[in-house]
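Trainee: Structure below; questions to follow.
Readers should treat all values here as calculations from the given coordinates under stated rules, not as data from a laboratory. All values reported here derive from a predicted model rather than from experimental measurement. Here the Cβ is made from the backbone with ideal geometry for all residues, glycine too, and neighbour counts use every protein chain on show.
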């Protein structure tokens, strides 16, 4: 963590996928993680081809567990983002 953005990584043994994160720009979006479009995964991470959704779900769960327990995630595979939104407080 540092400043208004930074990098997080997903590791499987010696293999890694890095993502850029930044604080949300307004509304209920607290954090945006840039994960890249599906088409780019096959080229950049051939070992993870076909597993993008599985990996993004794991990343989202860990971000919530470690840093954002008050948020829920919305994975946009086609756009290449994970949005973390603040959970609505029930009144």
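Trainee: Can you compute the modelled spin-label distance between residue 53 and residue 39, with each label point 7 Å from Cα toward Cβ, in nm?
Mentor: Label-label distance for residue 53 and residue 39, simple model: 2.0 nm.
Trainee: By how many degrees, between 0 and 90 and to the nearest 10, does the Cα long axis of helix 52-66 differ from the longest principal axis of the chain?
Mentor: Helix 52-66 and the main axis of the chain meet at about 40 degrees.
Trainee: So for 19, 84, fewest C-beta neighbours within 10 Å to most, what's the order?
Mentor: Sorted ascending by nearby Cβ count, the order is 19, 84.
Trainee: Something else now. Which value, in Å to one decimal place, does the Kirkwood hydrodynamic radius take for the chain when every pair of different Cα atoms is included?
Mentor: It is 13.7 Å.
Trainee: Using only alpha carbon pairs under 8 Å that are at least six residues apart, calculate the relative contact order of the chain and give it in whole percent.
Mentor: With pairs under 8 Å counted, the relative contact order is 26 percent.
Trainee: Can you sort 41, 47 by how many other beta carbons sit within 10 Å, fewest first?
Mentor: Exposure proxy ranking, most exposed first: 47, 41.
Trainee: OK, next. Can you show me the helix-derived [θ] at 222 nm for the chain, built from DSSP H runs with n ≥ 4 at -39,500 (n - 2.57) apiece and divided by the number of residues, rounded to the nearest 500.
Mentor: Using -39500 (n - 2.57) per qualifying helix, the result is -7500 deg cm²/dmol.
Trainee: By how many nm would the segment from residue 11 to residue 67 grow when fully extended, if each residue of separation counts as 0.36 nm and the alpha-carbon distance is taken off?
Mentor: Extra length from residue 11 to residue 67 when fully extended: 18.4 nm.
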